[in-house]
Amino acid sequence: MSDMKAPLALVTGASRGIGQAIADRLAADGFFVVGTATSAAGAAAIAERLGPQGTGVVLQVQQPEQVNPLLDQLEQQYGPLAVLVNNAGITRDGLLLRMKDEDWSDIMAVHLDGVFRLCRRAIKGMSRQRRGRIINISSVVARMGNAGQTNYAAAKAGLEGFSRALAREMGGRNITVNCVAPGLIETDMTDAVGDQSRQALLGRIALGRAGQPDEVAAAVAFLASDASSYITGAVLPVNGGLYFD
């Protein structure tokens with residue numbers, strides 16, 4: 001399959017951790033993958049890693065003026081978007097009593113506002129093709145809750161509600177919208193968790209270990225594939241049994 005004929009997948013926040021694993025897996029599955037980073041150096045590293053199966057671009061998902069021009073450019077250059085993976089994320093942890101307004105608004109800008117704009121633009125092209133896959137990366141905290149993360153938990157819970165509503169809207173166009181909700185995954189972000197908190201979390205995980213980014217990527221790859229054609233509006237937990245619905 002040549003690069004230009006490969007179906008196009010866009011993965012936000014693809015420079016490290018879960019996003020990097022997702023981009024690598026989709027490229028291995030035959031997609032031409034465009035991974036976003038917040039810096040030119042990050043985008044260049046993505047392009048180098050993906051080689052002929054993809055490239056990297058700079059995107060600040062919280063900046064409204066950047067989304068539509070990027071999607072326009074990608075569709076002109078690589079063809080219609082087949083898969084959108086909204087993975088870009090930040091944390092601004094802290095107890096609500098001491099949380100600043102910007103700690104709240106920054107989280108919403110990335111995890112909700114950015115996803116809203118990317119999905120709104122992506123479904124235009126997907127609707128014309130009458131086919132598409134949107135996969136939003138949520139978190140176990142959306143349902144479990146976590147002290148010190150009222151902002152993050154609220155955003156991820158909102159993301160799941162958004163995804164279910166969009167799945168209702170787009171089902172008639174053969175566009176599926178699903179979430180993957182990771183638990184404790186070995187990444188730079190979770191490395192910042194203190195040893196005591198980490199051990200407490202591990203003690204609650206049925207499988208007794210943290211997950212790997214590749215295990216989240218496998219769930220995303222399934223939802224991006226034809227094998228998931230009758231699944232929409234779902235939240236697929238990848239948490240090792242940290243939390244059961």
- Query: Only one of (1) open to solvent by 10 Å² or more (accessible area, probe 1.4 Å); (2) over 16 Å from the mean Cα position of the chain (by Cα) fails for G161. Which number is that?
  - Reply: (2)
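Within segment 213-232, which residues are free of Cβ contacts under 8 Å to residues at least 40 places away in the same chain, open to solvent by 40 Å² or more (accessible area, probe 1.4 Å) and either assigned to a loop (DSSP other than H, G, I, E, B) or touching a strand residue (DSSP E or B) at 6+ places or on another chain (Cβ under 9 Å) (or both)? Break it down into steps so the answer makes sense when it comes.
To start, the set of residues in segment 213-232 that are free of Cβ contacts under 8 Å to residues at least 40 places away in the same chain comprises 215, 219, 222, 226-227, 230.
Remaining after also requiring open to solvent by 40 Å² or more (accessible area, probe 1.4 Å): 215, 222, 226-227, 230.
Hits for segment 213-232 are E215, F222, Y230.
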- Query: Hey, does segment 87-109 have a residue that's on the phi < 0 side of the Ramachandran plot, open to solvent by less than 10 Å² (accessible area, probe 1.4 Å) and part of a helix (DSSP H, G or I)?
  - Reply: yes
- Message: Quick check on segment 106-122. Is at least one of its residues among the aromatic types (F, W, Y), more than 22 Å from G35 (Cβ to Cβ) and in contact (Cβ under 8 Å) with a residue 24 or more places away in the chain?
- Response: no
- Within segment 55-68, identify whether any single residue is among the β-branched types (V, I, T), in contact with a Leu (Cβ under 9 Å, 6 or more places away or on another chain) and assigned to a helix (DSSP H, G or I), and answer yes or no. yes
- Per-region count, segment 165-183, residues closer than 20 Å to A109 by Cα and open to solvent by 30 Å² or more (accessible area, probe 1.4 Å): 1
- Message: Condition first: within 19 Å of I18 (Cβ to Cβ) and either outside any loop (DSSP other than H, G, I, E, B) or open to solvent by less than 80 Å² (accessible area, probe 1.4 Å) (or both). Now tell me which residues in segment 197-212 satisfy that.
- Response: R198, L201, L202, I205, A210, G211
- Item | All positions within segment 50-76 that are touching a helix residue (DSSP H, G or I) at 6+ places or on another chain (Cβ under 7 Å) and either over 18 Å from K124 (Cβ atoms) or without any contact (Cβ under 8 Å) to a residue 40 or more places away in the chain (or both) | L50, Q53, G54, T55, G56, V57, V58, Q60, Q62
- Message: Suppose we keep only residues that are out of contact with any helix residue (DSSP H, G or I) (no Cβ under 6 Å at 6 or more places or on another chain) and not in a helix (DSSP H, G or I) within segment 147-158. Which one would you say is surrounded by the fewest Cβ atoms within 10 Å (Cβ to Cβ)?
- Response: A147
- Message: So, in segment 53-78, how many residues would count as being open to solvent by 20 Å² or more (accessible area, probe 1.4 Å) and farther than 19 Å from R16 by Cα?
- Response: 12
- Task: Would you mind finding the one in A27, A37 that is open to solvent by less than 10 Å² (accessible area, probe 1.4 Å), modelled with pLDDT of 95 or more and aliphatic (A, V, I, L, M)?
- Result: A37
- Query: For segment 110-142, what are the residues that are charged (D, E, K, R), under 26 Å from S229 (Cβ atoms) and open to solvent by 40 Å² or more (accessible area, probe 1.4 Å)?
  - Reply: R120, K124, R128, R130, R131
- Note on the structure: Residues of segment 24-51 being closer than 19 Å to L81 by Cα, assigned to a loop (DSSP other than H, G, I, E, B) and of a type in the set (G, A, S), in sequence order, are G30
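The values are calculated or read from the model by the stated rules, or taken from the named source; none is laboratory data. Remember, it's a predicted structure, so these values are computed and weren't measured experimentally. Ideal geometry is used to build each Cβ from the backbone, glycine not excepted, and the neighbour counts take in all protein chains shown. Only protein heavy atoms, including side chains, enter the accessible area calculation; ligands, DNA and RNA are left aside. Shrake-Rupley method; radii C 1.70, N 1.55, O 1.52, S 1.80 Å.
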